[in-house]
Amino acid sequence: MKSLILDFEGDKVMDEILIVEGLKGFWRTRFGYIKAVDDVSFNMRRTEVVGIVGESGCGKSTLSRLLTGAVEPPLQYIDGKVLIEGLDLYSLSPRERRKRVNGKLISLVPQSAMNALNPTKKIIDLIVDVVREHQPRCSKEEIFKIAAEKFREVGLQPDVLDLYPFELSGGMRQRAVIAISILLNPKVVITDEPTSALDVSTQKVILNVLWRLKRMGISLIFITHDIATVRQISDRMMVMYAGKVVEIGGTESVIHDPLHPYTKALMSAVISLEKEIREKQIKSIPGAPPDLLNPPLGCRFSPRCPYSTAICKKKSPPLKDINGRSVACWMV
Amino acid sequence: MLLKVENLSKIYRSGFIRGKPIKAVDKISFTVKAGEIVSLVGESGSGKTTTSKMILRLLKPTSGSILFENKDIYSIPKFEYWRNVQAIFQDPYSSFNPTPFYKVDRILKLPFKLLNTSKNEMEKIIRNTLINIGLDPDDILGRYPHELSGGQMQRILIARCLIVDPKLLLADEPTSMIDASTRAIVLNLLKRLRDEGKSIIFITHDISQAFYISDRMLVMYKGKIVDEGPVEEVIFNPKHEYTKRLIKDVPKLYEKFEDFHE
């Protein structure tokens with residue numbers, strides 16, 4: 001029995017479904033490039049939930065677009081590799097990427113999922129369009145069957161398929177979008193702020209749906225700015241700041257023992273319903289995130305960092321491994 | 001008693017001929033004392049913003065009364081009332097005139113329409129207020145709204161309210177558009193204003209923020225106040241079913257959901 005578990009664990013370590021190496025994607029503007037995702041590297045294992053946390057403008061959503069290959073001007077892919085099940089996303093042509101990768105290997109639940117559904121179409125008609133893009137000869141009955149199954153998986157009745165989006169509540173719409181994103185059985189699903197516009201009780205329903213996806217064998221990337229939400233579901237947490245990864249590690253260890261100064265500051269700014277929070281003053285981080293048109297030369301957090309030294313201002317820190325965690329800071 | 005709300009209701013009618021009445025706010029009563037933060041918590045559609053608009057005299061109540069310092073608010077001249085009651089809104093970006101040729105200075109000078117001050121004094125009051133809320137006047141004055149961050153803009157809105165020195169500040173989701181790292185500045189600022197004797201009505205959907213900041217808490221659900229009392233009592237000893245569920249569903253930082261992985 002013991003060896004079985006070990007094997008499983010060993011297997012898990014080997015089985016990396018998503019490998020991102022040195023990914024760079026910039027937004028092109030009249031004034032130059034906005035370096036929204038600059039040299040991001042991380043790995044993801046099968047059925048793992050990775051939470052990406054950061055403030056607005058730190059490149060979370062840009063990263064989600066780069067990972068799905070949905071790169072359209074003004075966003076430009078600059079450099080780096082995205083390997084999904086060993087398939088290099090950016091070695092394919094956009095057409096091929098759309099055919100072989102989008103929806104089949106990786107799919108995105110966009111941030112505005114509430115408004116992502118076409119208001120003039122019934123949900124089933126939208127789904128027919130999505131499926132026929134990949135399988136042109138699929139009959140409507142067949143599609144209905146697939147869709148009904150997926151809708152049941154996210155806890156919606158198949159009757160919902162025959163409704164217009166405005167007839168659904170916010171939480172139902174969000175679930176419908178999640179169901180559509182798993183129509184073609186992708187291996188990785190990226191959810192971009194899936195809970196941010198919803199009430200707390202509905203948020204919990206959505207989290208439960210995402211948990212069910214994980215149990216179905218889907219690897220999840222959960223992008224959010226709300227640390228208390230992401231900690232409920234994610235196995236590992238990745239903290240981003242100004243286009244760079246500052247810390248990656250197991251959720252528990254990042255929350256209880258943050259290493260990077262930015263993560264530390266972020267954790268002390270979290271408000272939650274626990275007695276300790278009311279007694280201690282929450283703290284803010286002085287200053288503002290840098291302008292990504294001309295980011296600071298060294299560490300991008302150095303202008304706001306209380307511990308910064310000469311080297312921080314000159315050289316950008318690499319991700320260092322410390323007890324199974326990666327931290328990009330000269331001081332740790 | 002600074003503000004007393006009694007049996008306040010607002011009924012909206014939808015439809016043209018056979019209108020269906022919607023009770024947005026249903027006979028609520030509460031009081032706000034001087035120097036305390038009262039938070040109004042509820043999900044979207046529970047009537048929080050309707051209540052705040054009625055208190056601000058932007059919306060006429062269907063029935064019930066609002067008393068400010070024991071006078072009905074509609075018996076007080078409008079501008080005098082607004083000198084005492086001011087509001088901060090949710091989205092600092094849309095609370096400003098978006099035309100790019102008005103500087104921040106103008107936003108800060110507008111409230112003086114409610115006051116009679118000389119020009120020299122005006123400059124002085126603006127500078128002092130900015131310093132008071134932790135902004136550097138030399139850094140802020142002369143800039144345009146779009147050059148400032150969300151946290152700075154929200155603080156300028158607060159400064160604008162403070163210039164007229166109101167007794168009651170109504171904050172309608174003041175932090176929902178601001179990042180976690182700058183949210184603390186605004187919340188701690190409101191706390192400090194409370195310590196300086198201002199009364200604040202803090203409206204939010206985020207029960208954790210209300211828990212952090214307020215002295216008393218009112219929980220609204222479907223237009224009614226279902227739970228009220230000192231914060232610690234409401235949070236750790238909720239009476240109404242709805243409050244219990246709300247508190248259970250809020251994600252916590254150091255704890256995982258227990259009933260989650262069914």
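The values are calculated or read from the model by the stated rules, or taken from the named source; none is laboratory data. Since we're looking at a predicted model, the values are computed, not measured. Heads up, the Cβs are rebuilt from the backbone with ideal geometry, glycines too, and the neighbour counts pull from every protein chain shown.
Please work out if A:Gln203 is buried (at least 20 other Cβ atoms within 10 Å of the Cβ) and of a type in the set (S, T, N, Q). For A:Gln203, the condition - buried (at least 20 other Cβ atoms within 10 Å of the Cβ) and of a type in the set (S, T, N, Q) - is met.
Selection over the stretch A:65-99 of residues that are surrounded by 14 or more Cβ atoms within 10 Å (Cβ to Cβ), within 14 Å of A:Phe26 (Cα to Cα) and charged (D, E, K, R) gives a count of 1. Can you work out which of the residues in the stretch A:73-129 that are among the β-branched types (Val, Ile, Thr) and farther than 23 Å from A:Glu141 by Cα is farthest from the chain's Cα centre (by Cα)? Filtering first and then ranking leaves A:Ile78. Scanning the stretch B:76-84 finds no residues that are surrounded by fewer than 19 Cβ atoms within 10 Å (Cβ to Cβ) and either part of a strand (DSSP E or B) or in contact with a His (Cβ under 6 Å, 6 or more places away or on another chain) (or both). Scanning the stretch B:149-166 for residues that are part of a loop (DSSP other than H, G, I, E, B) and either touching an Asp or Glu at 6+ places or on another chain (Cβ under 8 Å) or of a type in the set (Gly, Ala, Ser) (or both) yields one hit, B:Ser149. Figure legend. Inter-residue proximity from the stretch B:11-40: first residues at positive phi, second residues of a type in the set (Gly, Ala, Ser) and loosely packed, with under 13 Cβ neighbours inside 10 Å, beta-carbon distance below 9 Å, spacing 6+ or different chains. Indicated pairs: B:Lys27/B:Ser63; B:Gly35/B:Gly197. Of the candidates B:Met54, B:Met122, the single residue that is outside any loop (DSSP other than H, G, I, E, B), surrounded by fewer than 19 Cβ atoms within 10 Å (Cβ to Cβ) and of a type in the set (A, V, I, L, M, F, W, C) is B:Met122. I need the full set of residues from the stretch B:204-217 which are more than 11 Å from chain A (Cβ to nearest Cβ) and crowded, with 24+ Cβ neighbours inside 10 Å, in order please. B:Met217, the sole residue that qualifies. When A:Leu293, A:Leu266, A:Leu297, A:Leu273 are checked against the criterion of being in a loop (DSSP other than H, G, I, E, B) and buried (at least 21 other Cβ atoms within 10 Å of the Cβ), a single residue qualifies: A:Leu273.
Are any of the residues in the stretch B:149-156 in contact with a helix residue (DSSP H, G or I) (Cβ under 9 Å, 6 or more places away or on another chain), under 23 Å from B:Lys252 (Cα atoms), within 13 Å of chain A (Cβ to nearest Cβ) and surrounded by fewer than 21 Cβ atoms within 10 Å (Cβ to Cβ)? Checked against the condition, which is being in contact with a helix residue (DSSP H, G or I) (Cβ under 9 Å, 6 or more places away or on another chain), under 23 Å from B:Lys252 (Cα atoms), within 13 Å of chain A (Cβ to nearest Cβ) and surrounded by fewer than 21 Cβ atoms within 10 Å (Cβ to Cβ), the stretch B:149-156 yields no hits at all. Each residue in the stretch A:166-215 was checked for being modelled with pLDDT under 90, part of a loop (DSSP other than H, G, I, E, B) and over 17 Å from A:Ala116 (Cβ atoms), and 1 pass. Filtered by the rule that a residue be small (Gly, Ala, Ser) and in contact with a Cys (Cβ under 9 Å, 6 or more places away or on another chain), the stretch A:239-286 gives A:Ala242, A:Gly243, A:Ala265.
When every residue of the stretch B:191-202 is checked against the conditions, at least one turns out to be surrounded by 15 or more Cβ atoms within 10 Å (Cβ to Cβ) and at the interface with chain A (Cβ under 10 Å from one of its Cβ atoms). When the stretch A:188-200 is limited to residues that are away from chain B (no Cβ under 11 Å) and hydrophobic (A, V, I, L, M, F, W, C), the one that is surrounded by the most Cβ atoms within 10 Å (Cβ to Cβ) turns out to be A:Ile190.
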